[in-house]
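Undergrad: Next up is a structure, given as C-alpha cells.
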Amino acid sequence: MIKQTGNNIISSLGFTALENYESVKSGRSGVARYENCMGLPEPFMASLIDRERLNDCFATLRSCTDDYTPLEKAAILSIHDAATQARVDLSAPRVLFLLSTTKGNVHLLDENENRHHPDAACLWYSAQRIADYFGNPNTPSVISNACISGACAQIEALRQLNAGMYDCAVVTGVDMLSGFIISGFQSFKALSSGVCRPFDASHDGLNLGEAASTIIYRKADETDMSGVTLICGAVRNDANHISGPSRTGEGCFLALQSVTKEVNTNDLAFISAHGTATVYNDRMEAVALARAGLDGVPVNGLKGYFGHTLGAAGVLESVISSYALADRTILPTPGFTAGEADSTLRITDRIARTEKPYFIKTLSGFGGCNAALLFHFSPKKSGDSKIQRFKAPAAMPALYIYRHCRISGGRATVDGKTVFAGQETESGKFLTALYRSLKTDYPKFFKMDNLSKLGFLASELILREEASRFTPCVDRAVVGFNRSSSLDTDIAYQATIRHADDFFPSPSVFVYTLPNIVTAEIAIRNRIYGETSFYVCAHFNAGQIATTAGHVFRDGSVRHALVAWVDYFDGQYDALMWLTGTAPPDDTLPGIPFSADKLQEIYYNQN
C-alpha cells in the first residue's frame, strides 16, 4: 500500500487538481472543435491545454528558460505543484521519478519544428530533463505501455516503495497532441465528430486530450491510513490483437480478478472505467466487468471531460476519482443518456453520494494491454481493519535465467552459441533470413515493423523447443526495454503526413508507433495472458532491468518472464532476451542466478 501525499492536474479544465475536480463536478467539459489546426486537413474534437497560460505559469518558476518543450513545461509545473503539497525535497536521493507517456515530444519529428537537441524526441531524454530540473540524482523510469502507461507507472511506484528502495515516488503522466497523434487516430476512423459518449447506445468514437498529471506517493504507515491509498494493481494481456480489444475481455477480466480477490464488491463505491466511447472498447469493458461480477457496481467514464489523454489518462483519472471518493461522490458520465446504455452496466448519469471506501480504475490500450488499480479512502488517522486484511508484499523470490539469446551484428546466438549468421549491413534482409532459417510458419511476421520482428525472432529462439509453448498461460510475463522506443517507425509514419498534398496516414503503420507492440506480438504468438510492459532507458542498464523485471514476480502471479532489451533504429539492431523464472520450464534447464551482474556479463560477453 502506498499513500498519496500530493497531486496535480494540468489540463484544459485547470492547472490544479482541485480546479479540475470542481470543473468536472460542475459538469464542464474541456472538449471543443478545432479546424485548420496542427496542419491537419480534417477538423477534430479535442481537449487542449491553454498554451498562453502554460507559458505564463512556467515563467514564474525559478531558473525557467524557453528551452523546454510544452510537454516538459507541463510536466515540471505539475510536479512542482504536487511537491509543494507533499512538502518533499525532490532532490533527495531516495526520491524516484517515473514518467508515463506514449509519444513524448514526437512533434519534433516535424521538419518545421525546431529540435532542441539530437535526442530531443527520445522519451528518456525528456524524462531526464524533467528530473534534472528538480536536481534529482536518480535515473528516472520511463513507462511507455500505450494507454495503460499511467497505471503501469503507479504499479511500478507501488513495487519500488514496497521493496524499500525509495521513500517517495513522483509519478507523472503527460502527453501533448500533435498532427502525428491526431492523424493516426483519424486513420483508424476512431474519432467522434462530437463530444464522446462512453457506454451510450449512440457512442461512435473517442475524443483526444492533452494533460500532465502527477501523484506523489510514499509508503503507507499503518498508524496513519488517512487519505487515499493505492492498495494493489495488475496488468494482463488479451493475447488477441495489436489494435482490437478481445471480445471476451480476457485481459481486463484477469486484471480485475487479480485486484478484487480480497475485496468485498459491496465495499466498492464505483469503477472509473477506461470508457473511450468506441464501440469495441466499451463493449469489451462491459463483458469483462460482468465476468468479474462487477456489473452491479456504479461505473463512470471521464473521457467526455478531458478527452483521452493517452499516457496521462491513468494518472489524471486516478486523481479525479480520488477526489471524488474523498468527497463521497460518484461522478456522472458526460454524454451518457439514462436508459440508453449499450450494456447492462450501472452507468452513472448524475452525481450520487456514497459512503463506500474503495474504487477501481481500469485502463486498456493498443497491444492488448489492460490494467486495474484498487484505491481506498479513509478520513481517519487510525488503522483500518479492512486495509489490514491485505497481505504484506512477499519477499523477492529467487530468480534464475534458464535460456538467453542475442541477435546483433549479423548473427544470432542461443546460450552463447551461434545458431545463425548472415549479412550484418542489411538489417531487414538479415531479419527475414533469420526468420526463414527457423522454418517458422507465421505469415504475420511480414506485416510487423522491424522492432517487433526483432523481438519476435528473439522469442522464437528462446521458446521454440518448449513443448507447451502455445498453451494459454497467465503466469508468464513479457517485459521489454530499449533506448529508441518506436522512433524508427515514428519517422516512417511522420513521412506519410509531411505534406498536405501528399497526406496518407496509415493505421497499419501508426499502430507500430508504440514500443509495447513488440511485447504484444510475442504475447499473441505464444498465448501469454500475463503482464506485458515496456520501459525506455537512455542505455542498457543491467541494474534497472534486473530490478524492474524482478518486481514482476513479487506478488506470486508470475512463474516465468521473457525479459528483453530490444532496440532497432536506422538499420542498427540489438536484441538480448532472457527466459527467467522461479522454477525451470523443464528439467533440462538448470538455470543461473538472475541478477544485474549476470545480465551485465551476458550482455558484454556477447557484444
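The values are calculated or read from the model by the stated rules, or taken from the named source; none is laboratory data. In this text the structure is predicted, and so the values were computed from the model without any measurement. Please note: Cβ atoms are built from the backbone with ideal geometry, for glycine as well, and neighbour counts cover all protein chains shown. Keep in mind that these areas ignore ligands, DNA and RNA; they rest on the heavy atoms of the full protein, side chains included. Shrake-Rupley method; radii C 1.70, N 1.55, O 1.52, S 1.80 Å.
Undergrad: Counting just the residues of region 203-229 that are open to solvent by 10 Å² or more (accessible area, probe 1.4 Å) and in a loop (DSSP other than H, G, I, E, B), which one comes out farthest from TYR323 (Cα to Cα)?
TA: Result: ASP204.
Undergrad: Any residue in region 33-45 that is out of contact with any helix residue (DSSP H, G or I) (no Cβ under 6 Å at 6 or more places or on another chain), among the aromatic types (Phe, Trp, Tyr) and farther than 17 Å from ASN136 by Cβ?
TA: Taking every residue of region 33-45 in turn, at least one turns out to be out of contact with any helix residue (DSSP H, G or I) (no Cβ under 6 Å at 6 or more places or on another chain), among the aromatic types (Phe, Trp, Tyr) and farther than 17 Å from ASN136 by Cβ.
Undergrad: Considering only region 306-334, how many residues are within 13 Å of ASN20 (Cα to Cα) and open to solvent by 10 Å² or more (accessible area, probe 1.4 Å)?
TA: The total comes to 1.
Undergrad: Give the number of residues within region 531-582 that are within 17 Å of ARG483 (Cα to Cα) and either in contact with a His (Cβ under 9 Å, 6 or more places away or on another chain) or without any contact (Cβ under 8 Å) to a residue 40 or more places away in the chain (or both).
TA: Residues that pass the stated criteria total 2.
Undergrad: Let me ask another. Only one of SER187, SER226 is of a type in the set (Ser, Thr, Tyr), touching a Pro at 6+ places or on another chain (Cβ under 9 Å), modelled with pLDDT under 95 and closer than 30 Å to ARG94 by Cα. Can you tell me which?
TA: Selected residue: SER226, the only one of SER187, SER226 that is of a type in the set (Ser, Thr, Tyr), touching a Pro at 6+ places or on another chain (Cβ under 9 Å), modelled with pLDDT under 95 and closer than 30 Å to ARG94 by Cα.
Undergrad: For ARG403, which of the numbered conditions (1) part of a strand (DSSP E or B); (2) open to solvent by less than 30 Å² (accessible area, probe 1.4 Å); (3) over 27 Å from ARG559 (Cα atoms) fails to hold?
TA: ARG403 satisfies every listed condition except (3).
Undergrad: Pull out all pairs, ordered by first then second residue, where Cβ-Cβ is under 9 Å, the residues are six or more apart or on different chains, the first lies in region 30-59 and is farther than 21 Å from THR276 by Cα and without any contact (Cβ under 8 Å) to a residue 24 or more places away in the chain, and the second is open to solvent by less than 20 Å² (accessible area, probe 1.4 Å) and in a strand (DSSP E or B).
TA: GLU35/PHE44; CYS37/PHE44; CYS37/ALA46
Undergrad: Also: If I filter region 101-117 for residues that are over 26 Å from ALA495 (Cβ atoms) and open to solvent by 10 Å² or more (accessible area, probe 1.4 Å), do I get at least one hit?
TA: no
Undergrad: Test ARG291 against the stated conditions and say whether it is basic (Lys, Arg), over 25 Å from PHE366 (Cβ atoms) and surrounded by fewer than 22 Cβ atoms within 10 Å (Cβ to Cβ).
TA: no
Undergrad: Would you mind telling me which numbered condition in (1) out of contact with any helix residue (DSSP H, G or I) (no Cβ under 7 Å at 6 or more places or on another chain); (2) closer than 16 Å to LEU363 by Cβ; (3) of a type in the set (Gly, Ala, Ser) GLY164 fails?
TA: Here GLY164 meets the rest and fails (2).
Undergrad: In region 34-78, how many are of a type in the set (S, T, N, Q), open to solvent by 20 Å² or more (accessible area, probe 1.4 Å) and more than 21 Å from SER183 (Cα to Cα)?
TA: Selection size over region 34-78: 4.
Undergrad: Still on this model: Which residue, of ARG353, ARG346, is modelled with pLDDT under 95 and either farther than 19 Å from THR5 by Cα or among the small types (Gly, Ala, Ser) (or both)?
TA: One residue alone meets the criteria, ARG346.
Undergrad: Something else: Condition first: open to solvent by 20 Å² or more (accessible area, probe 1.4 Å) and over 13 Å from GLY530 (Cβ atoms). Now tell me which residues in region 474-486 satisfy that.
TA: Within region 474-486, ARG483 is the sole residue that qualifies.
Undergrad: Let me ask something else about it. Does region 16-30 hold any residues that are open to solvent by less than 20 Å² (accessible area, probe 1.4 Å) and not in a helix (DSSP H, G or I), and which are they?
TA: If the condition is that a residue be open to solvent by less than 20 Å² (accessible area, probe 1.4 Å) and not in a helix (DSSP H, G or I), then GLY30 is the only one that fits.
Undergrad: Among the residues of region 554-569, how many are outside any loop (DSSP other than H, G, I, E, B) and either under 14 Å from LEU457 (Cα atoms) or among the basic types (Lys, Arg) (or both)?
TA: 7
Undergrad: Take CYS232 and tell me if it is open to solvent by 20 Å² or more (accessible area, probe 1.4 Å), within 23 Å of LEU325 (Cα to Cα), touching a helix residue (DSSP H, G or I) at 6+ places or on another chain (Cβ under 7 Å) and in contact (Cβ under 8 Å) with a residue 12 or more places away in the chain.
TA: So CYS232 fits the description; yes.
Undergrad: Looking at region 248-273 only, could you name the residues that are surrounded by fewer than 22 Cβ atoms within 10 Å (Cβ to Cβ) and in contact with a Phe, Trp or Tyr (Cβ under 8 Å, 6 or more places away or on another chain)?
TA: Within region 248-273, GLU262, VAL263, ASP267, LEU268 meet the criteria.
Undergrad: Does GLY244 fit the bill of being open to solvent by 10 Å² or more (accessible area, probe 1.4 Å), small (Gly, Ala, Ser) and in contact with a strand residue (DSSP E or B) (Cβ under 6 Å, 6 or more places away or on another chain)?
TA: no
Undergrad: Looking at region 466-473, can you tell me whether even one residue there is among the polar types (S, T, N, Q), modelled with pLDDT of 95 or more and open to solvent by 10 Å² or more (accessible area, probe 1.4 Å)?
TA: no
Undergrad: List pairs: first in region 493-514 and more than 25 Å from GLY480 (Cβ to Cβ) and at pLDDT below 90, second small (Gly, Ala, Ser) and buried (at least 19 other Cβ atoms within 10 Å of the Cβ), Cβ under 9 Å, 6+ apart or cross-chain?
TA: PHE503/SER183; PHE504/SER187; PRO505/SER183; PRO505/GLY184; PRO505/SER187
Undergrad: What is the one condition in (1) buried (at least 24 other Cβ atoms within 10 Å of the Cβ); (2) over 20 Å from the mean Cα position of the chain (by Cα); (3) over 13 Å from VAL479 (Cβ atoms) that MET577 does not satisfy?
TA: (3)
Undergrad: Test ARG197 against the criterion of being out of contact with any strand residue (DSSP E or B) (no Cβ under 6 Å at 6 or more places or on another chain), over 20 Å from ILE130 (Cβ atoms), in a helix (DSSP H, G or I) and open to solvent by 10 Å² or more (accessible area, probe 1.4 Å), and give yes or no.
TA: no
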